1. Rank E:178, E:163, E:236 by mean-square fluctuation in a GNM of chain E with C-alpha springs under 10 angstrom and give only the top-ranked residue.
2. Add -39500 (n - 2.57) for each DSSP H run of 4 or more in the protein assembly as shown, then divide by its residues: what number comes out at 222 nm, to the nearest 500 deg cm²/dmol?
3. Extent of the protein assembly as shown along each principal axis, from alpha carbon coordinates, in Å, largest to smallest?
4. One decimal, nm, shortest first: give the distances between the label point of residue E:170 and those of the same position in the other copies, each label point 7 Å from Cα along Cα→Cβ.
5. Accessible area per residue for the stretch D:97-200 in Å², computed with a 1.4 Å probe and the full protein assembly in place, what is it?
6. Suppose R0 equals 30 Å; then what is the FRET efficiency for residue F:166 and residue B:155 from their Cβ-Cβ distance, rounded to the nearest 0.05?
7. Can you list the residues of the stretch B:160-201 whose accessible area drops by at least 20 Å² going from the chain on its own to the full set of protein chains, with a 1.4 Å probe?
8. Counting only protein heavy atoms and rolling a 1.4 Å probe, how much accessible area do A and B lose on contact, total for both sides, in Å² to 100?
Protein chains: 6
Amino acid sequence: MKLLVINPNISTDVTRLIEAEARRSIRPGTELTLATAPFGVAYIETRAEALIGGYAAMQIAAARYAAHDAVVVAAFGDPGLVALREILPIPVVGMTESALVSACQQGSRFSVIAISQRIQAWYRETIAAYGFTDRLASIRALDEPLAHIGRVQEDQGERLVALAERAVTEDGADVLILAGAPLAGLARTVAHRLPVAALDGVTCALHQAQAMVDLAPAVARGGSFAAPPAKDCRGLPEALSRLVGRQPLATQGA
Amino acid sequence: MKLLVINPNISTDVTRLIEAEARRSIRPGTELTLATAPFGVAYIETRAEALIGGYAAMQIAAARYAAHDAVVVAAFGDPGLVALREILPIPVVGMTESALVSACQQGSRFSVIAISQRIQAWYRETIAAYGFTDRLASIRALDEPLAHIGRVQEDQGERLVALAERAVTEDGADVLILAGAPLAGLARTVAHRLPVAALDGVTCALHQAQAMVDLAPAVARGGSFAAPPAKDCRGLPEALSRLVGRQPLATQGA
Amino acid sequence: MKLLVINPNISTDVTRLIEAEARRSIRPGTELTLATAPFGVAYIETRAEALIGGYAAMQIAAARYAAHDAVVVAAFGDPGLVALREILPIPVVGMTESALVSACQQGSRFSVIAISQRIQAWYRETIAAYGFTDRLASIRALDEPLAHIGRVQEDQGERLVALAERAVTEDGADVLILAGAPLAGLARTVAHRLPVAALDGVTCALHQAQAMVDLAPAVARGGSFAAPPAKDCRGLPEALSRLVGRQPLATQGA
Amino acid sequence: MKLLVINPNISTDVTRLIEAEARRSIRPGTELTLATAPFGVAYIETRAEALIGGYAAMQIAAARYAAHDAVVVAAFGDPGLVALREILPIPVVGMTESALVSACQQGSRFSVIAISQRIQAWYRETIAAYGFTDRLASIRALDEPLAHIGRVQEDQGERLVALAERAVTEDGADVLILAGAPLAGLARTVAHRLPVAALDGVTCALHQAQAMVDLAPAVARGGSFAAPPAKDCRGLPEALSRLVGRQPLATQGA
Amino acid sequence: MKLLVINPNISTDVTRLIEAEARRSIRPGTELTLATAPFGVAYIETRAEALIGGYAAMQIAAARYAAHDAVVVAAFGDPGLVALREILPIPVVGMTESALVSACQQGSRFSVIAISQRIQAWYRETIAAYGFTDRLASIRALDEPLAHIGRVQEDQGERLVALAERAVTEDGADVLILAGAPLAGLARTVAHRLPVAALDGVTCALHQAQAMVDLAPAVARGGSFAAPPAKDCRGLPEALSRLVGRQPLATQGA
Amino acid sequence: MKLLVINPNISTDVTRLIEAEARRSIRPGTELTLATAPFGVAYIETRAEALIGGYAAMQIAAARYAAHDAVVVAAFGDPGLVALREILPIPVVGMTESALVSACQQGSRFSVIAISQRIQAWYRETIAAYGFTDRLASIRALDEPLAHIGRVQEDQGERLVALAERAVTEDGADVLILAGAPLAGLARTVAHRLPVAALDGVTCALHQAQAMVDLAPAVARGGSFAAPPAKDCRGLPEALSRLVGRQPLATQGA
């Protein structure tokens, strides 16, 4: 199967981290296409940045999904995920959602370990939107500015492990989620030091994407994830306008 | 005071409806600037279209907010609202949020009357994201294709009134919200026929925007609505990159 | 417009604080009538005192609402608010509800800063009754006996500011609500020292009251906020019995 | 033991129904004092009427609790219940709360059968305030005006049974609560016709009151149900001012 | 009346503690039968052990309920409670449920004091399953290995009292629940030292069991607590197969 | 990899249905062991039967897990799932949980189509225990007695499809779950007739089990899913006593 993995940020360093972990997480016969956002910010830690990243992911997905069996949105917080799921006829998975469903199958409550104080609000709201708040034991986050987003693991690895340990002993976490694409691969290297399972969003997303392709769900013709009703549109990239609109034209209603 | 009213859709017909009701809802001395999305769809009824509209609203707001005291996002569902609130140093209000807080001050539970079946999922999720689900009595919606988004009120007015009446008698609504910018002004004309208060999102948004300017809240320097930490960005309109980024540059981390 | 502002407590000192802030919060042309409860307690910090204050507010409102466009219940915790809303044909707003809806339009989560430990339970239950629990970051409260309810701001101002700062940095508040009529006006004087917007319930209530009068919602003829069905009553003040009852008579059923 | 049973309404007809069922629900050695509100309305079906009834119940309780071991608030909706619980040093139970805890011990979900359409909102909010919403299958109510509150059982008995049956077969109720003091005794007479247990609020309240006296819980010296901190009060009946206040005095702060 | 009290664990030491407190909690004329699980573990602190204990309780109840008026499941966490309630034609009460409903009638929020760190997850999930999470102030637990389950009160009494005090002052508990059958009787001895009511699950269960027998609810013929539809079964103790099955037979469907 | 698939019921007919669908859902190299409960009932539709089935599944799992990489509990409602997860050192998945997490990755809300009216309460409570209630659009169920549990698909297929269609058009389901092991394989045959994706719990469970083995989570040494603290036990099958206990012995504490 062929999977399109989208980094909704502009950091090619992070794309490389994502790709490395993704390649460790696929089965023989699974092929990957990696894509990096052509516009946006270095990494997403706010709702505003998630909106930008979501629209970037949508443009990439619209242009490139056709040759693939599923799409992976590879930023924790899942920018654009449900929007893509509405308009694409193939499965779409996200790092957060995949990590959450994997965590729920291993314990009652999970904690999220995050790379910045500010990013917590966005994560918390994403988790709430999925309806998983009752299973969230805590979010714990680094409280120092990040010198370099591509080297967070090296620079902050020990601090992240310490936060993870406190999530188990003080917050009651049964499972840990090391969150954020910049941490891709970290869980694999520190797992043996942690008292409970530590999940990597990229790993989980790749496994769930492959499971979803295996499951081969029917494309929705009803419900709120059927293709949107055709409507006039303007100014959108051609591939995207084919997915959401009745081609261009003059003013709607004219 | 000066208010920037953004229609996140491309329909200038709808912008005219919004403007007409907005002008009926302002106090002497309040000035309006109306803006229509330069790209996007004719009207928003899905999560995907809301993402597009949200990004269009963000671009307009970034470019034009400076001369204003507050911004109004004038589509029910509030595309981009919280994202704009994070990055702008002035109050930002939305039609849905304004209608909800107005409704909550008049009764225990409200119903939303909507223009299409499909739009209900997006509305329901928006209301849930604000935490108002427990006060939602029902969403009732038209179930016919819309011939012309600028003439929904004329074409479907009677059906909308009938849905509103059932929301009160069958669903237990204390307040009605006639939802969607294409219905701007309808509440005013049908109010006398309905058994409970009927709210118009545009009206509520304008009143709340003026109240927020009067309230003059401090610009956040802390919490999750302070300006996002500066970070590298690329490919964004200049006004937007000033709000979310540390100007362009080469690759982050390079 | 004319607004009736009711202090449901017997403290005329506090009424003066309310009035001063209310006058700073109105527009030209808005007139105020202040009223102080003729019976009750010095300030409300328990459910029992709220019941007494609520009934006092109801008596005042019944007797005096007629010449006004809206009623403001000026105690945090909103004693009697929904009851008044049911029986009066004009808008009724409360300090808590107004502060909550204003806070929700400025951030995701808010904290309440309160004047006593005991008062927290009542506040928490009021916020829950409105359905805003999920947006409550914390309630933080003074833990010393209050020497004089009319001088809390002077005596405890620094401690209140310190609690507010901790609510932002430790509890994740995006907005602060300085709660309780005895604190009326404090937000205005300490706003510049706090990292996020600090709201004053009196200010918010006055702005929301004026917005509600501008909105001019129809008087409910249906739903659970229509006037109560007429029924026999006895022993009530005449103005109140006109609102809730079929005039007196002998025993019901006789 | 001695129990004070308070009807917060003015209807002595209803007090007689309450007394009859209460006498059927006590053990040998339990004595009853019945009291009827000296002011208020014929029966409570709105939040406003509940506030009046709650204050009436508080006055009765303050004046007469001393010679008793527990107090029963005998109106469904429990007007004043938590307020009384705060200020009295003896157990206080309510019809709704007692019926809910009894229902929860017999099944997963319960339905409430009510005497008027309007009364449903108040019941629903009472149940929500106790945190039992998730276990509420439905509220079903008569939809005709009540000719005589003391004869609802005779006039509407068959309709009430029919509503109860539908609550089981259509709404999934495991237990039925026949709600409202005017229905006191009905469950006993129609139980054999219903497919699941049917509870009477008066019966449950009396059983719970006796169980609470047997349990003999300590009077709270901490937490939010300790006696309210003493504070100045004015204009209250003497017995009540002893419970909530530091005796009268001049203006607080004077 | 006759009550069957089941200890779902194998510890006869604990059965003796349960019996002693149960005898202090009954009225003249109430008779007790005590039963100890013939298989299982020494005490239950996990979901797995609760499943074993639940099945043991079911076997005892099936074999011995006939001569009784109600069944008490005497382990905090209520193993098997709802299952027994489905299949037995008499009331079934549990220690946790009884303590929760008693606590809710004395305050808004309660804390649970528990004997081990590990046991907290099971308690928290039990409370959530009953829908009481919103009223749970905290669970506080001992953090040392238990030397002897039958002597926890003597060995850890002071630590338990200290935890209870902190639950009131730091967590906002209005009521305390000293949880776990091994603590049966402790509340009675330490009540005078605690600032709020302290409940013993055994005491509450006995009082609620007697109240339920007094209430004499009808046996459900409908809803989800009617006797399960008869179906083929195999390998069950005879008494149990009479309750859940159509007697044995060969393979279902054969 | 090797998977142990446990049917917690005694129906070998149903085991055959499970096995057939399981074999269609595995990848090359995955091997299956099927096991049928040695005691219990023909199929589970109540909480009591789930307790019996859960204990049967626990005995099978304890005895046979050792040679496998993961365990699948193959009854909708997941009897014993979290208990097994606590005591086994390998992943354990359930049909309900797997179907829920798969559904959540394809839409916002799902409906469950069930084989009997009675079974709905148990399903609803299972879904609530996992925290997925907010995403449940509806449960719709057959309302006729089942002639033969192994032939439900043939006998009731058309009725099940009709229920599924109504769940989409009337209840707002984005995804359908055809629930219950007796329906294993049905989704595959009727998928083309349904407007949205239809999930089979067995299929989902097998895909999730394989994904979990691929993920290879660490065995918990902390949190509430670590192996239970060793304690005395008695009367348990040897394999089970090794998992939950400190071998037998005399009375605990003796």
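The values are calculated or read from the model by the stated rules, or taken from the named source; none is laboratory data. Everything numeric in this text was worked out from a predicted model, so none of it was measured. Every residue, glycine among them, receives a Cβ derived from its backbone with ideal geometry; neighbour counts consider all protein chains shown. With ligands, DNA and RNA removed, areas are computed over all heavy atoms of the protein, side chains included. Shrake-Rupley method; radii C 1.70, N 1.55, O 1.52, S 1.80 Å.
1. E:236
2. Working: 54 runs with 634 residues, N = 1524.
Helices in the protein assembly as shown give a 222 nm mean residue ellipticity of -13000 deg cm²/dmol.
3. 86, 83, 57
4. In ascending order, 1.2, 1.2, 5.2, 5.3, 5.4 nm.
5. Numbers: 3350 Å² over 104 residues.
For the stretch D:97-200, the solvent-accessible area averages 32 Å² per residue.
6. Numbers: r = 29 Å, r/R0 = 0.96.
Calculated transfer efficiency: 0.55.
7. B:174, B:195, B:196, B:197
8. Details: alone 11530 and 11520 Å², together 19230 Å².
For chain A against chain B, roughly 3800 Å² becomes buried.
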